[in-house]
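**Q** Handing you this structure, nothing more for now.
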Amino acid sequence: MVTVQNLFASTTNGTFASIANLSLDTIILIIIFFIFFIYGLKFGKRRIVSLTLSLYASIPIVFFFPYLEKISFFGDIEKAVLYSQIGLFILVIILINVVLWRVVSFELYHRGLRRLIENGTLSFASGGLLVAISYHIIKISELYDFAELIDGLFASTTLFFWWLIAPLIIIFFTTRK
């Protein structure tokens, strides 16, 4: 009995220690992935595809929105404009997602490992797209400064192109009948 308790205690302490050793950047990326993953598992592939497509549609709307400084939701300081842009981005994503969810008409019901793999790849690509959009469109680096490794993955223009292309390729291959 003592051996089982020691095994459980060492496993628990090891897990907590390994989580505590992760950087905040890694934790943020893991949380984004799990939000998309749980969303895909709960609502299905149709919803996560419509959410991913609404990320694409929100880019030009938020990037070229001419009245952002005039309708700042949180005041006139620089961070308030950033918060307003994030709020507008979320609002536009929600509205476009509702419209696209009604338009996207396929639903492939898979079970087991295939469903997990497809949702995982869609979640990874959608989360990466969201972070890349946050770097290039919203300028999230003014709000939180990620580590150089994360900056290297999302801040370059070349990799932004690939983050824009990757979800479309994954949607193409996961929605074929």
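The values are calculated or read from the model by the stated rules, or taken from the named source; none is laboratory data. Note that this is a predicted model, so its numbers are computed, not measured. Cβ sites come from the backbone with ideal geometry, for glycine too, and all protein chains shown count toward neighbours.
Yes or no, residue by residue, for (1) outside any helix (DSSP H, G or I); (2) surrounded by 12 or more Cβ atoms within 10 Å (Cβ to Cβ); (3) out of contact with any strand residue (DSSP E or B) (no Cβ under 7 Å at 6 or more places or on another chain); (4) modelled with pLDDT of 90 or more:
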| site | (1), (2), (3), (4) |
| --- | --- |
| LEU7 | no, no, yes, no |
| PHE16 | no, no, yes, no |
| THR26 | no, yes, yes, no |
| PHE33 | no, yes, yes, yes |
| ILE59 | no, yes, yes, no |
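**Q** Filter the stretch 76-119 down to the residues that are surrounded by 11 or more Cβ atoms within 10 Å (Cβ to Cβ) and assigned to a loop (DSSP other than H, G, I, E, B), then identify the one that is modelled with the highest pLDDT. Break it down into steps so the answer makes sense when it comes.
**A** From the stretch 76-119, those surrounded by 11 or more Cβ atoms within 10 Å (Cβ to Cβ) are 79-101, 104, 107-108, 110, 114-119; that's our starting set.
Of the ones still in play, those that are also assigned to a loop (DSSP other than H, G, I, E, B) are 104, 107-108, 110.
On the way: VAL104: 71, GLU107: 59, LEU108: 58, HIS110: 64.
Residue satisfying both the conditions and the ranking: VAL104.
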